[in-house]
Every structure is written in structure tokens, then in C-alpha cells.
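One structure is given here, and the rest of the page talks about it.
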Amino acid sequence: MPPRPQSTDELRFFDPRAHIAQAKNRLPHWDQHGVACFITFRLADSIPQEKLAQWGSERSTWFAANPPPHSEEQERAYHARFTACIEEWLDAGSGSCVLRDPSVRVFVAGALTHFDGDRHWQHAAVVMPNHVHALFSPLPPHEMEVIVQSWKGFTARMGNRHLARTGEFWMKDYFDRLIRDAAHFWRCARYIRRNSEKASLRPDEFTLYEAPFVREFLDAERSGGFPAAGQRS
């Protein structure tokens with residue numbers, strides 16, 4: 001097992017000059033081996049279909065006018081317009097929200113860290129009532145897309161079995177971002193920590209995981225302390 005990262009200095013970030021592997025289901029996904037990434041996947045009923053249809057149409061128009069690869073400015077504009085509204089809809093708590101139940105949520109939280117140090121390093125993650133955010137670094141030769149699909153496949157089977165039901169558990173696709181630098185990493189880590197507060201959840205309605213160096217940094221930041229060397233952003 002490789003040594004656990006102790007700071008962002010030990011992480012790999014997106015390099016626009018390096019090869020980018022691209023996969024596409026209904027959403028495009030970009031991957032670079034070992035690069036830290038932030039992903040979101042959600043329950044199948046978490047967003048009303050009429051909202052998704054309008055969102056998808058507007059998104060297709062935007063991509064036609066802004067073909068990849070995207071500059072950092074284009075990426076910020078995309079997330080401000082499209083990712084932000086998805087996150088707002090998710091935090092509104094639509095759908096069955098079966099992950100509000102700790103007996104269901106435990107399968108998902110456990111899957112996110114089960115192969116920590118083997119297939120990936122899990123830096124931070126939160127399991128919300130109807131969606132999941134995870135900030136992690138794949139460990140080559142394991143790839144982001146395969147890791148995420150493994151999480152979704154296992155937890156869908158376990159969740160449906162526990163609920164004595166069949167059918168779609170997760171939305172078929174997911175949202176992802178390659179992390180550009182340490183500042184971007186800490187913005188994502190803060191978002192994960194604050195997501196439950198933003199959604200006004202009780203402590204028993206979500207599960208938060210943070211790697212030791214992430215927790216140490218965010219706790220120091222919250223208390224007004226000075227972050228450790230290599231963690232400042």
C-alpha cells in the first residue's frame with residue numbers, strides 16, 4: 001500500500017498538457033491517471049424529470065457553443081450555470097431520500113472507504129439523503145469511472161435488497177470534475193463539509209468522512225488557526 005497523503009503537496013492535479021482520457025455516457029467524463037477528482041452521484045428519483053429535461057437542453061446548447069477542451073474560465077462558467085442548479089435541486093431534498101435512513105446509508109458510506117489505499121485515496125465524502133459527493137484520488141491502474149461504477153453497482157444491489165425492492169437505485173450517470181490545484185481541492189473539501197449544514201440536516205441524516213489531513217486543515221481553518229505547511233490555499 002502506498003503511503004497515505006499527508007498534504008496536498010503529495011497529490012496529483014489536472015495537467016491540461018497531458019493526455020486526457022474521455023468517456024461518455026449521457027454526460028462526458030474526463031480522466032487523468034491518479035489525478036484528484038470531485039464526483040457527485042444521486043438517487044434515480046432525486047430530481048424531477050421536467051427540470052432535468054430543460055437542464056439537459058440548455059446544457060447541450062452551451063456545449064455546442066463551447067466545445068471541449070475547456071479553459072479554466074469556461075469550466076467556472078459551466079459549473080456556475082449548470083452544476084450549481086443541480087446541487088440546489090439536490091439539497092432541496094426531492095424524491096424518496098432513502099439515504100436519510102442510517103440503515104441504508106451505511107452501505108454507501110462503507111463502500112466509499114472500503115478500498116481506500118488500494119484502489120484510491122478517499123480524501124473526503126458525504127452521503128446526503130438523496131446524493132453523494134466524494135473527493136478522491138484514483139490509484140493507478142484503477143480509473144475514476146471504474147471506481148465510481150463499482151461504488152454505484154454494489155450499493156444499488158445492497159440498497160434494493162435492504163429495501164426489498166427492485167429497479168433503478170442511482171441515476172445512471174454522475175458528475176465529475178478534475179481538481180486543478182490545491183485551492184480547487186480545498187474549495188471542494190469545504191463544500192463537502194458544509195453541504196449538510198446548507199441543506200439544514202440533522203446529524204443523523206448524513207454521514208461525513210474526512211481523511212486526517214483534510215480534517216486537520218478544515219478544523220484549524222474553522223478555529224482561526226494557521227494551516228500546516230503544504231496545506232495553505
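The values are calculated or read from the model by the stated rules, or taken from the named source; none is laboratory data. It should be emphasised that the depicted structure is a prediction, and the values quoted were computed from it without experimental measurement. Backbone-built Cβ (ideal geometry, glycine too); neighbour counts: all protein chains shown. When the accessible area is computed, the model is the full protein with side chains, heavy atoms only, and any ligands, DNA or RNA have been set aside. Shrake-Rupley method; radii C 1.70, N 1.55, O 1.52, S 1.80 Å.
The value given for the stretch 147-233 is a Kirkwood hydrodynamic radius of 15.8 Å, derived from the mean inverse Cα-Cα separation.
Net charge dipole, the stretch 83-170: roughly 400 debye, given to the nearest 20, about the Cα centre with Cβ charges of +1 for Lys and Arg and -1 for Asp and Glu.
Beyond 18 Å, how much of the Cα-Cα pair distribution for the stretch 55-125 remains, as a whole percent? Within the stretch 55-125, distances greater than 18 Å cover 62 percent of Cα pairs. Rounded to whole Å, the principal axis extents of the Cα atoms in the chain read 48, 43, 36, largest first.
With all pairs of separate Cα atoms included, the stretch 147-196 yields a Kirkwood hydrodynamic radius of 13.3 Å. Mean sequence separation of contacting Cα pairs (under 8 Å, at least six apart), scaled by the length of the chain, corresponds to a relative contact order of 32 percent. In the chain, the portion of solvent-accessible area held by carbon and sulfur atoms comes to 53 percent [1.4 Å probe, whole percent, DNA, RNA and ligands not counted]. Each Cα pair under 8 Å and six or more residues apart adds its separation to the average, and for the stretch 32-133 the resulting relative contact order is 42 percent. For D118 and F63, the difference between the fully extended length at 0.36 nm per residue and the C-alpha to C-alpha distance is 16.2 nm. Dipole size of the stretch 120-180 about its Cα centre, with +1 on Lys/Arg Cβ and -1 on Asp/Glu Cβ: approximately 180 debye, rounded to the nearest 20. When the stretch 86-148 is described by a simple charge dipole with +1 on each Lys and Arg Cβ and -1 on each Asp and Glu Cβ, the residue from W121, V104, M144 located farthest towards its positive end is V104. Candidate membrane-span-like segments in the chain, meaning DSSP H helices with Cα atoms spread over at least 18 Å of their own axis and a Kyte-Doolittle mean of -1.0 or above, are 49-65, 144-163, with no membrane implied. Once the gyration tensor of the Cα atoms in the stretch 93-193 is diagonalised, the equivalent ellipsoid follows with semi-axes of 24, 16, 12 Å, ordered largest first. The heavy atoms of R193 present about 50 square angstrom of accessible area, all protein chains included, probe 1.4 Å.
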